[in-house]
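Working notes for the structure below.
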Amino acid sequence: MKAFAGWERVSALFTLALPIVIAQLGSILQGWADTIMVGQYGTPELSAAGFVNNAFNLIIYFLLGISYATTPVVGTYFSKGEYDSVIQAKRSSMLVNFLASLFVICLLLLLYFNIEKLGQPEELIPLIKPYFIVLLCSLPFLAVFNALKQTFDATGDTKTPMWVMLGGNVLNIILNYLLIFLLDLGLLGAGAATLVSRIAMMLALLLYKKEKSQLSGHHGDWSFADAGRLVRLGVPISLQMCLEAGSFNVTALFMGWIGATALAAHQVMGTVSTFGFMVYYGIGAAAAIRIAYFRGQDEWDEVRATARTALFMSFSSAIVIVALLFIFKNSLACAFTTSEDVAALFISLLPAFACYQVGDCMQTIYANSLRAVEDVKFLMIFAIIAYVIVSVPLAYIFAFRYNGGAVGVWWSFPFGLTTAGVLYWLRFRIFVPKQSIAE
């Protein structure tokens, strides 16, 4: 009977996770297409795009973090059959995420008006500024789309956002070709394609009428209480995600100090490793949906069992991913670079990559599990410990004090990610039984 229940959990998580993983991998492929098409137009355009996209990366993570608060709020209402509250929470989330986008736009405008002071080549400024403004205009649409996507996910419908995201990616690629090359707009055309595709994705989810049958006929306006709850949950999640992403940005800076070969190998390894992370992320997001539901039903045994099952699925996926990566390492190296030095360095980073998969699985699953039970106040503190105190200093020490170079930087990742994973796991073990007894 237990084996049957375990298989049911695996099947439920897989059904939810697969569309999320497909959509995320589609976004990665679309990002590659953007880079290739802009690079084919011109090297200055590629350099300008790289600068702007790096400036926007942390902002994208911040907005994602705000939207992730939607899952436990909507999921809890949905599990209790409080469908008016689901609609109310959705509209509150749209408002909160829209206001968050206005906040980050103000911050980015400060950067925009000081671009000339950041030491970029003068010939890139006329390319950077128009592209920057167009991407800035797309943020509110992206933020509202994020809120709507998390609402769909929280009610168990992960397929609709998947199709919308894939459709948006295809639209973006088509518009890239038309605007970059046929209309000869170059980098500005790439920005306009991103803006239009983000508007289209938001409208597709906003106007989609085939919602869960339970929600049809229900209404609700935005709620100040729900908005406050979303902010209290979203801000710590956002800061935790920004700290994690920021630590990787700092290590990229270290790679630049080491040399061009190290930076290139770091880019290739980072691109390849993203595929593994997206699988874990999909499983973790699915676990958050299920855990939020069971929390609303007061089924705390299922909350714990779902987290364990998700971790088992992530570990199993990691074994397969690492095995495939080692088997096809030479082919992958040749696919990404023609430099023998870069390829050799990429292969030398694989042992560190394999070692940090355990920590990456743990931190992804238990960060999502803590979000689902709305215990997020420690996430930021644990992220500071794992990434600011452990990972980044060790990257510097291994690379420069012990002359480990690029390999040394990557050996810091198992320490940082495993620290995060263990801290999140311990917090989950402490919090969930406590809630079980209290409830």
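With the requirement that a residue be within 18 Å of the chain's Cα centre (by Cα) and under 19 Å from V392 (Cβ atoms), what does the range 253-293 give you? Residues satisfying the conditions are Q267, M269, G270, S273, F277. In the set L178, L183, only one residue is assigned by TED's automatic domain parsing to the domain that holds C106, at pLDDT 95 or above and more than 21 Å from the chain's Cα centre (by Cα); that residue is L178. For the range 223-281, what are the residues that are under 26 Å from L325 (Cα atoms) and among the aromatic types (F, W, Y)? Once the filter is applied, which keeps residues that are under 26 Å from L325 (Cα atoms) and among the aromatic types (F, W, Y), the range 223-281 yields F248, F254, F275, F277, Y280, Y281.
Of the numbered criteria (1) in contact (Cβ under 8 Å) with a residue 12 or more places away in the chain; (2) among the hydrophobic types (A, V, I, L, M, F, W, C); (3) surrounded by 15 or more Cβ atoms within 10 Å (Cβ to Cβ), the one L206 fails is (3). What do you reckon, is A48 of a type in the set (A, V, I, L, M, F, W, C), over 18 Å from the mean Cα position of the chain (by Cα) and surrounded by fewer than 17 Cβ atoms within 10 Å (Cβ to Cβ)? Taking the combined requirement at face value, the residue does not satisfy it. Would you call G156 within 22 Å of the chain's Cα centre (by Cα), on the phi > 0 side of the Ramachandran plot and modelled with pLDDT under 95? Spelling it out, G156 is indeed within 22 Å of the chain's Cα centre (by Cα), on the phi > 0 side of the Ramachandran plot and modelled with pLDDT under 95. Do we find that I66 is of a type in the set (V, I, T) and surrounded by fewer than 24 Cβ atoms within 10 Å (Cβ to Cβ) in this structure? Criteria not met by I66.
Every residue, every condition in (1) modelled with pLDDT of 90 or more; (2) more than 27 Å from E244 (Cβ to Cβ), yes or no:
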{"residue": "I66", "(1), (2)": "yes, no"}
{"residue": "E82", "(1), (2)": "no, yes"}
{"residue": "A89", "(1), (2)": "yes, no"}
{"residue": "S92", "(1), (2)": "yes, no"}
{"residue": "S101", "(1), (2)": "yes, no"}
{"residue": "I115", "(1), (2)": "no, no"}
{"residue": "L118", "(1), (2)": "no, no"}
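Of the helices (runs of 4 or more DSSP H) entirely within the range 331-400, those holding at least 2 residues that are charged (D, E, K, R) occupy 340-348, 357-372. Got at least one residue in the range 309-324 being out of contact with any helix residue (DSSP H, G or I) (no Cβ under 7 Å at 6 or more places or on another chain) and farther than 30 Å from R427 by Cα? Checked against the condition, which is being out of contact with any helix residue (DSSP H, G or I) (no Cβ under 7 Å at 6 or more places or on another chain) and farther than 30 Å from R427 by Cα, the range 309-324 yields at least one hit. Would you mind finding the one in G75, G65, G81 that is over 24 Å from L203 (Cβ atoms) and in a helix (DSSP H, G or I)? Criteria check complete, one pass: G75.
Annotation: of all residues in the range 402-425 being more than 22 Å from T274 (Cβ to Cβ) and modelled with pLDDT of 95 or more, the one that is surrounded by the fewest Cβ atoms within 10 Å (Cβ to Cβ) is V422.
Once the range 90-132 is narrowed to residues that are surrounded by 16 or more Cβ atoms within 10 Å (Cβ to Cβ) and β-branched (V, I, T), the residue that is nearest to A227 (Cα to Cα) is V96. Tell me, yes or no, whether the range 197-214 has at least one residue that is of a type in the set (F, W, Y), assigned to a loop (DSSP other than H, G, I, E, B) and in contact with a helix residue (DSSP H, G or I) (Cβ under 8 Å, 6 or more places away or on another chain). Yes, that holds for at least one residue. Residues of the range 133-160 that are crowded, with 20+ Cβ neighbours inside 10 Å and either farther than 21 Å from F62 by Cβ or outside the structural domain of Y83 (by TED's automatic domain parsing) (or both): F152, T155, T158. The one condition from (1) over 25 Å from the mean Cα position of the chain (by Cα); (2) polar (S, T, N, Q); (3) under 23 Å from V74 (Cα atoms) that N403 does not meet is (3).
Considering (1) small (G, A, S); (2) under 23 Å from the mean Cα position of the chain (by Cα); (3) surrounded by fewer than 14 Cβ atoms within 10 Å (Cβ to Cβ), the lone condition that A55 does not fulfil carries the number (3).
The values are calculated or read from the model by the stated rules, or taken from the named source; none is laboratory data. Computed from a predicted model, the values in this text were never measured in an experiment. Cβ atoms come from the backbone with ideal geometry, glycine included; neighbour counts cover every protein chain shown.
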